[in-house]
Every structure is written in structure tokens, then in C-alpha cells.
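The values are calculated or read from the model by the stated rules, or taken from the named source; none is laboratory data. Quantities reported herein were computed from a predicted structural model and do not represent experimental measurements. Note: ideal-geometry Cβ built from the backbone for every residue, glycine included; neighbour counts use all protein chains shown. Calculation scope for accessible area: heavy atoms of the full protein, side chains included, ligands and nucleic acids excluded. Shrake-Rupley method; radii C 1.70, N 1.55, O 1.52, S 1.80 Å.
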Amino acid sequence: MGLTTAVDVVELPKSDDSAGVQFLFKKGKGGRSAYSDKDDKNDDGDKKKQKDDSIKEGGVQVMINKLSDGDLEVIASRCEIEEGTMIKEMSEQTIIDSLGQAMKAWKNEQQ
């Protein structure tokens, strides 16, 4: 199963011992716009017609570091988050699960 929210993939600057990417969630049919808040009303009691487009959708940053003993360390963390950003835990788990499967396959190829 893949992500239900579209993402932009941004490659992070590489060094001799690290590389990484950011999966930045796009605004659109998934994520924030797929939900409506029953308490989200304006002063007239009507539902707000427009969402706040200035709020970032958030993302997941994945870094791979080569340790001094030659082992690899993979760190996944949230990024592009600010107050009001909807946390997409299912999407985060999908990314982590896919990374785990890819790492197992890579490790099996190395043996």
C-alpha cells in the first residue's frame, strides 16, 4: 500500500557519510482538505469556505548516516511542521514500513 497523500520529494545535501530526502505532503485531495471540522465556523455560524493555505502540510525527513564502524543508521523524523499542521501518522507509518522492507531486501542482497 502506498501513500494516500501526494508528496514532493526533496533531496537533501549529501556528505561523505550521510544522505537524505524529505517527503513533503502536498495540499490537495488528501490530508488537510480531506477533513472538515464541525467546530470550524466563522462569526456568522457558517462553515468557513476557505482553509488557511499558509499552514504547511508537514512531511517526513529520512537521513541515512554511515557510522564510524561502517554500519548504516536510518533516521526518520517529522519536518516542515508548524502550529496547525495536521500530523499524518498513517503516511508516516507507510514510509517507515516501506523503508524497513527496502532495508531488509538490501541487506539480503549484501550477504
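Looking at this structure, is Lys51 among the basic types (Lys, Arg), surrounded by 12 or more Cβ atoms within 10 Å (Cβ to Cβ) and at pLDDT 85 or above?
Taking the combined requirement at face value, the residue does not satisfy it.
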(request) From (1) in a loop (DSSP other than H, G, I, E, B); (2) open to solvent by 60 Å² or more (accessible area, probe 1.4 Å); (3) at pLDDT 85 or above; (4) of a type in the set (D, E, K, R), pick out the condition that doesn't hold for Glu57. (result) (2)
(request) Would you be able to tell me the number of residues in the stretch 86-111 that are closer than 13 Å to Val60 by Cα and among the aliphatic types (A, V, I, L, M)? (result) 6
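With Gly70, Gly45 as the choices, which residue is assigned to a loop (DSSP other than H, G, I, E, B), more than 25 Å from Asp8 (Cα to Cα), at pLDDT 85 or above and open to solvent by less than 90 Å² (accessible area, probe 1.4 Å)?
Values: Gly45 fails: at pLDDT 85 or above.
Of the residues listed, the single one that is assigned to a loop (DSSP other than H, G, I, E, B), more than 25 Å from Asp8 (Cα to Cα), at pLDDT 85 or above and open to solvent by less than 90 Å² (accessible area, probe 1.4 Å) is Gly70.
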